[in-house]
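Q: Pasting a structure here, questions to come.
Nothing in this text is a laboratory measurement; each read-out follows from the coordinates by a stated rule. Nothing here was measured: the structure is a model prediction, and the numbers come from that model. Cβ: placed from backbone, ideal geometry, glycine included. Neighbour counts: every protein chain shown.
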Amino acid sequence: MWILGTYNYWIFITLMMIGLYIVIVRGNLVKKIIGLNIFQSSVFLFFISVGKISDGTAPIILHDGGEAIYSNPLPHVLILTAIVVAVSTSALALSLIVRIHESYGTIQEDLIREAERAP
Amino acid sequence: MLALVVTWAAFAISLVLLFQVLNDGPIRYFFGGWAPPWGIEYRIDALNGFVLVIVGFVSAAVLLFAGPSVGKEIREGHQHLFYAMVMLLLAGLYGMAITGDAFNVFVFLEIASLASYALIAMGKDRRALTAAFQYLVLGTVGATFFLIGIGLLYAMTGTLNMVDMAERIHGIHGSRTVLTAFAFLTVGIALKAAVFPMHYWLPGAYAYAPSVVSALLAGTATKVAVYLLLRFIMIFGADFAYVALPLGATLTVLAAVGILIASSSAILQNDAKRLLAFSSVAHLGYIILGIGLGNDTGVTGGILHMFNHALAKGAVFLAMGAVMLQIGTTHINRLQGLGRVMPWTMAGFTAAGLSLIGVPLTAGFVSKWYIVTAAIDRGWWPLVLVMVASSILAVFYIWRIIDAVYFSAPGPGAENVKEAPMTMLAALWMLAGASVYFGIDSSFPASVASKAAAIVLAQMP
Amino acid sequence: MMATEHLILRVVAKLLIPLILLFGLYVQFHGETGPGGGFQAGVIFAAAFILYALVFGPENTRRVAPEWLISTLMAIGVLLYFSTGAASLLYRANFLEYGVLSTDFVAGQKLGIFLVELGVGITVSSVMIAIYLAFAERQGSG
Amino acid sequence: MNESWIIGAALVTPLLAMVGIGVFRQRPNAREAASLVAGIVLFGLAAWLVPGVADGDRPELILYEFLPGISLGFRVEPLGLGFALIASFLWVITTLYSIGYMRAHNASNQTRFYLFFALSLGAVSGAAFAANLVTLYVFYEALTLATIPLVTHSGGEASRRAGRVYVGLLLGTSLTMMLIAIAWIWTLTGTTEFVAGGVFTEGGTLKFGITPGILAALLVLMVLGTGKAGLMPFHRWLPAAMVAPTPVSALLHAVAVVKLGVFTVLKVTIYTFGIETLSSFGIGRALMYLAAFTLIAAGIFALREDNLKRRLAYSTISQLAYIVLGAMLVTKVGAIAGGMHITAHAFAKITLFFCAGAVMVTLHKTKVSEMNGVGRNMPITMTAFLVASLSVAGLPFTGGFWGKWYLALGALETDQIVMFWVILAGSLLSLGYLLPPAVRAFYGGPKGADQPPMTLAGEARWPMVTAITVTAVISVLLFFAAEPIFGFLDTIDFRGR
């Protein structure tokens, strides 16, 4: 049963490996970035899922002053920051790709390498 | 201009901070008045105080240098962006060094990395783009690994404050999660610090980036990454890292192989900046070697070499920047005869180059001495051989440039080349002079480094 | 040229955009008492602009959000954040210790969080818009 | 110590000379005067120390802590003082000589030449007075670096290649083996000081758990790491360095650099390892044979070499091997003989180089085969050449005699009969390669049509002739001054106190 009980770990690992695979294998730079995003998202998912407590609510003091079970907010905060970072990374990467496309006329890694060797 | 003032101010502040730390012990600063472990804490001790000074000194010199060089190598409309990026990079580096909060480290790490990707991409050569892209992919993977490590640590200890973490982690050393966290952190940081064999991104990035950026990154970015490695060794406890886990052995083997391979590759390069980039990988190997040795002298040597190498490598890259400004290339064959037309630049290069080789009376010798004696002390003779073999290789690759610069007839058009502007020379000599000065009197950096090493190894049995 | 095509898209977009903006503002100002905050709000706010740009083209969007305005807003957001933090320095407290901004500690904290989140929101939304427009316009020009 | 300021002054003088040379770069006369004055001052300072040191004084100057536990310090003892005396005296003479040489040659960058010359001398005096291995090492490397611009002074492809060999071999040996040896000694014993009787023994037994094997390894690393001593297979830099201007070859490659090499060997043998330690464990045998081999092989190379300066270079290698041999005999007599040979050979070899340079400047001849009839043209020069040749070979009534005499005695004393014969054979060889140029110069007539007719240029300029005469005369005088020199070197602290 422990395999099912830790299903979030399995999803995390699968996604992570898919992401890394894409980063390594794909020659298209845009696809590489997509792979990188999947890779990062898997980590984000993992931490969000770890922070979740079943039946927990948002960590806000209730008006009646009663106690409530709430999910740990810290992972959310951290991952929110990490997402922002990931977005900026993607933006930067895409802009690099645009400029690579402008100067090489291609975004295929092997073609770029060829163009580099040619002159 | 504003950027220059800011960097100098930051340098001055970091010096003041370091001396204060040396006199009064660690300084702590609570953000938003929240005491740890809830709030974010900034904490400065001898170790990161020293790192701050390194970053401050190198950046102060580099920014002094930047004006004419940036004018030549960066497109007209992009110069203000360039300075903004440099400031962002420095903010990230300072932040990484100063913060006492593990997640904060990640944020600053990414800030610094994003800024450096952008800076590298500003290089004139179109290969700068692909180099930056490569760095971006690897850097992001590294940072994400780092994030995983921090997350796991948080899951185990329930805190992000580094001091707190170090305390709480003590009881749960054996746990598999902690081991995993350690592995992820080490790999992530190693990617950032370009530890062999994860140095793949570095030569391209340094070679095609604008010279100012090469100098800045070589002097600061990788050093801060190495600092992180030390910091996390502290968190896990030196006894855990060195004794329970084979961190020392792993690092030293990697470092030794890296030193040899990178030095040999350096000899084969035809572009001076690329050559120096490979030499950077080799010297990071020295630093890691010192840390991996895990004894007092070794870690002191490693930390000291961070400082000395930052000075020397910063200086040689600045010299190459001056060359770039005057002749527009750094291909070794085009450097011929420059010793005659740019005597001051090349003298600075030579002084710093000697420090890279590790000739006595330069700073490089002092740290090499520490590391070699540490290796002999541990009885790890192969490492001693690696160290000296790499000195020989260093003689070869530095001499290749010196040979071209001084002993070759000037190529066509060399008569029109002029000496670099005064401010650039001043910056260059600030670094080169320091690397000679601290070779003659090493007491200041050495004493700080040994204090820092004592902190790192505090829990060593 | 787009005037006659994609009629449905244009109508739906026109309907949706105010709602998105409103939702963005809600998330923004709800930040200190419920789920929400500057990051999310900024992104939602920017999404409205991006939708507009997608449907009506970047040229039209630039009329609403010219480059000077966007870059100024980026800087203003960050400055707002920092000056809030620095303001507490003036009260001899630590950076960002904004309980001291008002006579009442809790009120001061509310004020501080509000200002900080506002700064974050402004910056994030303008940055997002800037990124999108930079890409879109680049493609257009070649 | 009240005399420690002299050491400081001796170190500062060459630096001041550099400043003077730099200031007067536009006025050659003042520039060279600065160089001369500095040489004289340096010699005077060294001479001032002599009486005290002979009485057993050991003035010290500790500057500051260079590495933890290791200070940059200086201590004067007879061997180093003798070395400093020779070097500074010959600096004066060589400056005199180079005034004539460089001007006759219209050499370029003369200021740079004098500048680095002074720097080299600074390095030599620092090394001569060094109180510990690290200080010695620092100045050893400084000398290497300071001489590179001098070796490659003339520029061009040949200089470039010579520079590569020079840097590669000298830095290559010292950065590896010598550094390892020093660092190893430091980690083993916790000291790098030069101590009378060596640092490894206490009451005749080895300390710190050192085995004779380690000691032997250290000695080999140390001696081979001293590339400047020119032991084979690390000798090639010396012939390569002959592309330098003659004054450089004369002072640096007959005196300063190579002598620093053998001085280092002697110094570590006496003060780090200790003569008694080495002899009681029988260490040094292998290196002794290597030295003997170098001695003979270099002599044979010299016989086959036609270029006069390169022939002299091989002769230097051969003679250096004598000194290393003396040190590796590990007896007191051997070490003293080494010291005496340093002195005698310095004067004789510098004379030879001066003569070669004079011939080159006035008659533009650089080969032995072209020397026919030179003696009739330049009688003083060639007479000096002959005298110096005899001194190098070690014939009686020249200074070179005593060094070889005591060496041979040392070899007999330690029952090294083979070494005794090697020493004699080396002398014969040196007669074989040094007499032909002299004989040709006086008796060889112009033969064959390929010899251009002799132009009657006469002697070289007066500064050069003066320099040659002085050194040649001293070469002879040294024969009669053997007693005080032996006595002075005898005050070296061979055994621990």
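Q: Could you tell me the calculated FRET efficiency between C:Ile8 and C:Ala86, based on Cβ-Cβ distance and R0 = 51 angstrom, to the nearest 0.05?
A: The value I calculate is 0.55.
Q: If you count, for each residue, the other Cβ atoms within 10 Å and average over each peptide, how do A:85-98, B:391-404, D:218-231 line up from highest to lowest?
A: Averaged packing, sorted descending, gives the order D:218-231, B:391-404, A:85-98.
Q: Here is a further query. Could you tell me which residue out of B:Val58, B:Met165, B:Ile120 lies farthest along the dipole of the stretch B:2-456 toward its positive end? Charges go on the beta carbon: Lys and Arg +1, Asp and Glu -1, centred on the Cα centre.
A: B:Ile120
Q: If you don't mind, another one. Shielding of B:125-131 by partners, i.e. mean partner chain Cβ atoms within 10 Å per residue?
A: Averaged over the peptide's residues, the number is 5.
Q: Another question, then. What's the FRET efficiency of C:Val64 with A:Ser103 using the Cβ-Cβ distance as r and R₀ = 30 Å, to the nearest 0.05?
A: With a Förster radius of 30 Å, E is 0.40.
Q: Can you work out the FRET efficiency for the pair A:Tyr9 and B:Leu179, with r the C-beta to C-beta distance and R0 = 22 Å, to the nearest 0.05?
A: Step by step, r from the Cβ atoms, then E = 0.85.
Q: What's the longest bit of chain D with no exposed chymotrypsin sites (Phe, Trp or Tyr not before Pro), using DSSP loop states and at most 16 other Cβ atoms within 10 Å as the test?
A: Counting at most 16 other Cβ atoms within 10 Å as exposed, the longest clean stretch of chain D is D:1-207.
Q: Would you work out the relative contact order for chain B, in percent, from Cα pairs under 8 angstrom that are 6 or more residues apart?
A: 17 percent
Q: At a 10 Å Cβ-Cβ cut-off, how would you order B:Ile261, D:Ile283, fewest neighbours first?
A: B:Ile261, D:Ile283
Q: Tally Lys/Arg at +1 and Asp/Glu at -1 over every other residue whose Cβ is under 10 Å from the Cβ of B:Gly158; what's the total?
A: 0
Q: With no solvent and one point per C-alpha, what does the Debye sum give as log10 I(q)/I(0) for chain D at q = 0.07, 0.12, 0.13 Å⁻¹?
A: Debye curve over Cα of chain D, log10 I(q)/I(0) at q = 0.07, 0.12, 0.13 Å⁻¹: -0.33, -1.02, -1.21.
Q: Please give the length that would be gained between D:Val50 and D:Val473 if that part of the chain were fully extended, namely 0.36 nm times their separation in residues minus their C-alpha to C-alpha distance (nm, one decimal).
A: 150.0 nm
Q: Under the Karplus relation 6.51 cos²θ - 1.76 cosθ + 1.60, θ = phi - 60°, what is the ordered set of whole-Hz ³J(HN,Hα) values for the stretch D:397-411, x standing for Gly and Pro?
A: Going residue by residue, I get 6, 10, x, x, 4, 5, x, 6, 4, 5, 4, 4, 4, x, 4 Hz, with x marking Gly and Pro.
Q: With a point put 7 Å past each Cα toward its Cβ, work out how far A:Arg117 is from B:Glu419 in nm, to one decimal.
A: Roughly 4.6 nm, to one decimal.
Q: Quick check on the stretch D:57-107: take the gyration tensor over C-alpha atoms, sort the square-rooted eigenvalues as a ≥ b ≥ c, and tell me if it's rounded (a/c under 1.5), prolate or oblate.
A: Working: a/c = 5.60, a/b = 2.24, b/c = 2.50.
Cα axes put the stretch D:57-107 in the oblate bin.
Q: Along the Cα-to-C-beta direction of B:His170, a point sits 7 Å from the Cα; which residues of the stretch B:210-238 have their amide N less than 19 Å from that point?
A: B:231-238
Q: So what is the 222 nm mean residue ellipticity for the protein assembly as shown from helices alone, if each DSSP H run of at least 4 adds -39500 (n - 2.57) and you divide by all residues, rounding to the nearest 500 deg cm²/dmol?
A: For the protein assembly as shown, the value works out to -24500 deg cm²/dmol.
Q: Might you report the magnitude of the Cβ-based charge dipole of the protein assembly as shown about its Cα centre, with Lys and Arg at +1 and Asp and Glu at -1, to the nearest 20 debye?
A: 3040 debye
Q: How many partner chain Cβ atoms sit within 10 Å of a residue's Cβ in peptide D:176-189, on average, as a whole number? Display every interim value, and only then the final one.
A: Numbers: counts 8, 1, 1, 10, 8, 0, 3, 13, 6, 1, 5, 9, 2, 0.
Average neighbour count from other chains, rounded to a whole number: 5.
Q: Each label point is 7 Å from the Cα along the Cα-to-Cβ direction; what then is the distance between the points at D:Tyr289 and D:Leu424, in nm?
A: 2.2 nm
Q: Next question, about the same structure. So for the pair B:Ile440, A:Ser88, with labels modelled 7 Å out along Cα→Cβ, what separation do we get in nm?
A: 4.4 nm
Q: Give me the inter-chain shielding for D:165-171: mean count of other chain Cβ atoms within 10 Å, whole number please.
A: 3
Q: Mind sorting B:Asp101, B:Asp441 by how few other Cβ atoms lie within 10 Å of their own Cβ, fewest first? Intermediate values should be presented prior to the final figure.
A: Numbers: B:Asp101 25, B:Asp441 15.
So the residues, fewest neighbours to most, are B:Asp441, B:Asp101.
Q: Which order, highest average first, do B:114-125, D:331-342 follow once you tally other Cβ atoms within 10 Å for each residue and take the mean per peptide?
A: D:331-342, B:114-125
Q: With unit charges on the beta carbons (Lys and Arg positive, Asp and Glu negative) and the dipole taken about the Cα centre of the protein assembly as shown, which residue among B:Phe407, D:Ala256, D:Asn377 sits farthest to the positive side?
A: Sorting the options by dipole projection puts first D:Asn377.
Q: Of D:Ile70, D:Val37, B:Thr423, which is farthest on the positive side of the dipole of the protein assembly as shown, counting Cα position, with +1 on Lys and Arg Cβ, -1 on Asp and Glu Cβ, and the Cα centre as origin?
A: Final value for the positive-end residue is D:Val37.
Q: If you don't mind, there's one more thing I want to ask. What does the extension gain come out to for D:Glu65 and D:Ala481, with contour length at 0.36 nm per residue minus their alpha carbon separation? Intermediate values should be presented prior to the final figure.
A: Details: separation 416, 0.36 × 416 = 149.76 nm, distance 4.04 nm.
Value of the extension gain: 145.7 nm.
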